[in-house]
1. How many residues are in contact with a Ser or Thr (Cβ under 9 Å, 6 or more places away or on another chain) and among the charged types (D, E, K, R) when one looks only at the range 39-55?
2. Out of all the residues in the range 10-36, which are in contact (Cβ under 8 Å) with a residue 40 or more places away in the chain and part of a helix (DSSP H, G or I)?
3. Do we find a residue being touching a residue at least 12 places away in the same chain (Cβ under 8 Å) and outside any helix (DSSP H, G or I) anywhere in the range 54-62?
4. Among the residues of the range 17-31, which ones are polar (S, T, N, Q) and open to solvent by 100 Å² or more (accessible area, probe 1.4 Å)?
5. Would you mind finding the one in D39, D48 that is among the acidic types (D, E), assigned to a helix (DSSP H, G or I), surrounded by 16 or more Cβ atoms within 10 Å (Cβ to Cβ) and modelled with pLDDT of 95 or more?
Amino acid sequence: MKCDEASMMKMQSDMHAMTDPAMKEKKEMASKEMMMAKDSMMANKMDDCRMHMDNAMKSMGKI
């Protein structure tokens, strides 16, 4: 996954679509990973950003 604004927006959209209460824990983990990915992107640490985005996808069960 690319570490760019478009990918971030897609991930955020996917997370917001997770409305099932049983998915709450997964959604919280994905949200934490996305915050770390955004911080990494702002710091221009693209490898870290991609790692956190991958972790968010795993948390959401997308991988």
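The values are calculated or read from the model by the stated rules, or taken from the named source; none is laboratory data. Nothing here was measured: the structure is a model prediction, and the numbers come from that model. Please note: Cβ atoms are built from the backbone with ideal geometry, for glycine as well, and neighbour counts cover all protein chains shown. Each accessible area value is taken on the protein alone, full model and side chains, heavy atoms only, with ligands, DNA and RNA left out. Shrake-Rupley method; radii C 1.70, N 1.55, O 1.52, S 1.80 Å.
1. From the range 39-55, those in contact with a Ser or Thr (Cβ under 9 Å, 6 or more places away or on another chain) are 46-53; that's our starting set.
Now restrict to residues that are among the charged types (D, E, K, R): 47-48, 50.
Qualifying residue count, the range 39-55: 3.
2. M11, D14, M15 - these are the residues of the range 10-36 that are in contact (Cβ under 8 Å) with a residue 40 or more places away in the chain and part of a helix (DSSP H, G or I).
3. Of the range 54-62, the ones touching a residue at least 12 places away in the same chain (Cβ under 8 Å) are 54-57, 59-62.
Cutting the leftovers down to outside any helix (DSSP H, G or I) gives us 61-62.
So far as the range 54-62 goes, yes, one or more of its residues are touching a residue at least 12 places away in the same chain (Cβ under 8 Å) and outside any helix (DSSP H, G or I).
4. Residues of the range 17-31 that are polar (S, T, N, Q), as a first pass: 19, 31.
Answer for the range 17-31, where residues must be polar (S, T, N, Q) and open to solvent by 100 Å² or more (accessible area, probe 1.4 Å): just T19.
5. It is D48.
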